[in-house]
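Data first, discussion second: the structure below is written as structure tokens.
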Amino acid sequence: MGKTFAVIGDPINHSLSPNIHSAAFRELNLDCSYIAYRIPKDELSEGIEGLKKIKISGFNVTIPHKVEMMKYLDKIDESCSLIGAVNTVVNNDGLLKGYNTDMEGFLEPLKKRNIKINNSNILLLGAGGAARAIVAGFAKEKANSITIANRTIEKAKNLSAFAKKINLDSKAITIEEIGKSVKNYDIIVNATSIGLQNEPSPISLEGIDEKTVVYDIVYMPMNTDFLKRAKEKNAIVIFGYEMLLGQAVRAFEIWHNMEAPYNAMKKALLGGF
Ligand code: ATR
């Protein structure tokens with residue numbers, strides 16, 4: 001019988017992960033299926049029992065379960081323990097092993113463009129689960145410093161302490177405090193959810209130039225106001241769907257032990273817009 005995979009979260013009906021993975025199965029003629037399964041915030045335990053009962057082979061984890069899911073793992077990959085959150089799970093006969101492919105997924109589009117992270121100065125907006133994986137990525141690639149700007153300063157301070165612990169120089173500010181300082185950064189990343197509801201850019205990009213890299217992890221809509229403003233300045237723009245694709249490719253390779261059909265997955269993802 002074919003293998004079954006899933007993505008769990010809430011809300012889940014707009015997830016593009018089923019499109020991406022199903023396209024990969026078709027491309028490689030794999031007898032597998034991938035479903036979206038809504039599990040509300042306080043029903044994770046029962047949800048996981050259900051997945052074990054249907055002998056799920058593996059699943060992705062998204063909002064709001066990425067941190068909570070850690071409790072239910074029998075084994076934890078290094079990527080996952082470093083970040084403290086899980087987005088990919090393998091089920092080996094009822095034993096669950098967790099991985100985090102968000103960090104590599106985030107870095108992939110930067111590497112593909114040969115953008116130098118080493119010694120760069122980063123401005124990161126947001127201090128939630130996704131921001132944490134991003135901080136780990138910049139630490140791994142030896143960025144010079146990261147300024148973490150968040151609406152809630154306490155969360156920025158916590159994340160900044162994490163950055164320092166993994167040897168990345170860091171400071172915490174509020175989003176208002178960014179002011180006109182954007183020109184001081186090589187790479188600017190939006191890891192807040194601002195843009196998902198078509199909100200205006202959280203910051204002014206006045207002063208950046210064509211060397212500045214502007215990366216939005218919001219992937220729906222594809223062209224957020226934040227990225228539109230970056231394009232007006234001829235900055236190097238990286239779309240949220242690229243990170244989504246990067247983490248999916250990694251998850252595929254963990255589950256299936258073979259190279260992922262990148263182009264087929266990309267085509268399916270872009271078709272979803
Ligand atoms: P994710 O897993 O996607 O990172 P999260 O952990 O809920 O989700 O984090 C959401 C991030 O978006 C947080 O940094 C949040 O700021 P707060 O820590 O102040 O809540 C930020 N965010 C969400 N909506 C926002 C808004 N309207 N204005 C400013 N920041 C917002």
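Points to keep in mind about this one:
- Residue tally, condition open to solvent by less than 10 Å² (accessible area, probe 1.4 Å) and outside any loop (DSSP other than H, G, I, E, B), over the range 26-55: 4
- Counted as qualifying within the range 61-156 are the helices (runs of 4 or more DSSP H) with 3 or more residues that are without any contact (Cβ under 8 Å) to a residue 24 or more places away in the chain, namely 78-83.
- Pair list, Cβ < 6 Å and 6+ apart or interchain, from the range 178-190 residues that are open to solvent by less than 10 Å² (accessible area, probe 1.4 Å) to residues that are of a type in the set (S, T, N, Q): ILE187/SER120
- Taken across the range 152-160, residues that are more than 16 Å from the ligand (Cβ to nearest atom) and either open to solvent by 80 Å² or more (accessible area, probe 1.4 Å) or touching an Asp or Glu at 6+ places or on another chain (Cβ under 6 Å) (or both) do not occur at all.
One line per residue, one yes/no per condition, for (1) assigned by TED's automatic domain parsing to the domain that holds LYS266; (2) over 24 Å from GLY105 (Cβ atoms); (3) away from the ligand (no atom under 14 Å from the Cβ):
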position	(1), (2), (3)
LYS140	no, no, yes
PHE162	no, no, no
LYS171	no, yes, yes
GLU177	no, yes, no
THR192	no, no, no
THR212	no, no, yes
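- Matching entry among GLY58, GLY98, GLY94 (being more than 16 Å from the ligand (Cβ to nearest atom), surrounded by fewer than 24 Cβ atoms within 10 Å (Cβ to Cβ) and more than 15 Å from ALA130 (Cβ to Cβ)): GLY94
The values are calculated or read from the model by the stated rules, or taken from the named source; none is laboratory data. Just so it is clear, the model here is predicted, and its values are computed rather than measured. All Cβ positions, glycine included, derive from the backbone under ideal geometry; neighbour counts span all protein chains shown. We work out accessible area using only protein heavy atoms, side chains counted, and drop any ligands, DNA or RNA first. Shrake-Rupley method; radii C 1.70, N 1.55, O 1.52, S 1.80 Å.
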